[in-house]
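Participant: My structure is below; once you've seen it, I'll send some questions.
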């Protein structure tokens, strides 16, 4: 019995001690802020266009709607046949517009005297042999095309050029970081984050309208060059 009383008293004393001490709190030591440097590099690659895209259309007018449509259909088919004969693949010829609308005709007093029906048929083509571009436009016009809305030059495959631009951008960013850390007397550490932005060049337009190409076809059309840009932002650790 005496042993039980002693044991009970010991347990009560231990509880009292623990209660007096309260909960235990562990305080972590604050870590010093990480030192970093952020740089942005740009890489550019010049590209020579290798394709051209053109809107070529046929516009017809007639007081008889059936005649207007029939005339336009025949003329448009001649244009498409001429393009195919110049080597344009069927997959590179896409109809983008076919429309019919009435145009009211007025006399000098503002009175409606009749209706003329307007018919438009436009195809969007891709030319993959720029050397024959002038001849192709000439053939289209001779076949009946009377509405050429413009030419835009582009590059079919930009994959390798974009890779070159990215590599150049990263090299530019690293060079800047090394120059800055060297000037500041600190050492460049590991890469922490990388973000990048690519700028795909917009096709270069060559404006023209209808028969306006007639006189210019004897002169080669220059496609010029395009610039592809990649920009990267890199965060480096400072040792």
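The values are calculated or read from the model by the stated rules, or taken from the named source; none is laboratory data. Computed from a predicted structure; not experimentally measured. Using ideal geometry, Cβ is built from the backbone for each residue, glycine included, and neighbour counts are taken over all protein chains shown.
Participant: Yes or no: region 114-131 includes at least one residue that is exposed (fewer than 13 other Cβ atoms within 10 Å of the Cβ) and within 30 Å of the chain's Cα centre (by Cα).
Facilitator: yes
Participant: Moving on. Could you identify the single residue in 99, 103 that is modelled with pLDDT of 95 or more and either crowded, with 17+ Cβ neighbours inside 10 Å or in the same structural domain as residue 55 (by TED's automatic domain parsing) (or both)?
Facilitator: Checking each option against the conditions leaves just 99.
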